[in-house]
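Right, one structure below, let's go through it.
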Amino acid sequence: MNSDFTLAVHSLTLLSLLPDRMSTSDAIAESACVHPVRIRKVLGLLKKQGFIQSREGTGGGFVFTKEPSEVSLWDLYQLTANGTIQPKCPKSNHECIVGSNMKHVLTSIFEDGEEYLGSFLNQYTIQDIVKQVKQES
């Protein structure tokens, strides 16, 4: 799985914890300890899918447009990391029974695994993450 998933969860959790739910990309990047360009890439994905909006100018930034209880971790996984657990199969010998079938077999197994992962991640929302973050502090 790539870090975009974690950064999306981090960003929406941070925005959920702010009183007015607004923050700049620089502030979110500082919280996540990553370069602002990385955060802006993820914020762009979130904005394109309607999870956040941006406001320009003084006092501007990003605002979470949905209720934290409405956004599941599976929603964010599908946006940022869908298919990333698929095996990378190198070229293989199609004359060999193993080589000619390995990619199909592993892809099928990992698709099933991703389906199970989806069922699991769908049980958790940003609100659940916010609650756990508050408990840890």
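Every read-out reported here was derived from the displayed coordinates using simple, explicitly stated rules and does not represent laboratory data. Keep in mind it's a predicted model, so treat the numbers as computed, not measured. Positions of Cβ are backbone-derived with ideal geometry, glycine not excepted, and every protein chain shown enters the neighbour counts.
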request  = Please tell me if Asp75 is surrounded by 14 or more Cβ atoms within 10 Å (Cβ to Cβ) and either free of Cβ contacts under 8 Å to residues at least 40 places away in the same chain or under 15 Å from Thr6 (Cα atoms) (or both).
outcome  = yes
remark   = Of (1) more than 14 Å from Ile126 (Cα to Cα); (2) under 20 Å from the mean Cα position of the chain (by Cα); (3) exposed (fewer than 15 other Cβ atoms within 10 Å of the Cβ); (4) not aliphatic (A, V, I, L, M), Glu70 satisfies every one except (1)
query = Looking at (1) loosely packed, with under 13 Cβ neighbours inside 10 Å; (2) farther than 30 Å from Asn101 by Cβ, which is the only condition Leu46 fails?
reply = (1)
request  = Please tell me if Ile109 is among the β-branched types (Val, Ile, Thr) and either closer than 30 Å to Ser23 by Cα or part of a loop (DSSP other than H, G, I, E, B) (or both).
outcome  = no
inquiry  = So, in region 31-41, how many residues would count as being touching a residue at least 12 places away in the same chain (Cβ under 8 Å) and closer than 19 Å to Leu18 by Cα?
reply    = 4
request  = Identify, from the list Ser92, Ser25, Ser54, Ser11, the residue that is among the polar types (S, T, N, Q), crowded, with 18+ Cβ neighbours inside 10 Å and more than 12 Å from the chain's Cα centre (by Cα).
outcome  = Ser25
query = Within the bounds of region 85-97, is there any residue that is closer than 23 Å to Leu45 by Cβ and either touching a residue at least 12 places away in the same chain (Cβ under 8 Å) or among the small types (Gly, Ala, Ser) (or both)?
reply = yes
Lone unmet requirement of (1) polar (S, T, N, Q); (2) in contact (Cβ under 8 Å) with a residue 40 or more places away in the chain; (3) more than 16 Å from Ile126 (Cα to Cα) for Ser16 = (3)
remark   = Here, helices (runs of 4 or more DSSP H) confined to region 1-103 with at least 1 residues that are within 25 Å of Glu115 (Cβ to Cβ) and small (Gly, Ala, Ser) are 3-17
task = State which residue pairs qualify: first residue within 15 Å of Lys66 (Cα to Cα) and in contact (Cβ under 8 Å) with a residue 60 or more places away in the chain and inside region 125-137, second residue among the small types (Gly, Ala, Ser) and loosely packed, with under 15 Cβ neighbours inside 10 Å in any location, beta carbons under 8 Å apart, and separation of 6 or more residues or different chains.
result = Ile126/Ser69; Gln127/Ser69
ask   = What's the number of the condition Glu30 fails, among (1) acidic (Asp, Glu); (2) in contact with a helix residue (DSSP H, G or I) (Cβ under 8 Å, 6 or more places away or on another chain); (3) surrounded by 13 or more Cβ atoms within 10 Å (Cβ to Cβ)?
value = (2)
request  = State which residue pairs qualify: first residue in contact (Cβ under 8 Å) with a residue 12 or more places away in the chain and inside region 47-70, second residue loosely packed, with under 11 Cβ neighbours inside 10 Å and small (Gly, Ala, Ser) in any location, beta carbons under 7 Å apart, and separation of 6 or more residues or different chains.
outcome  = Thr65/Gly50
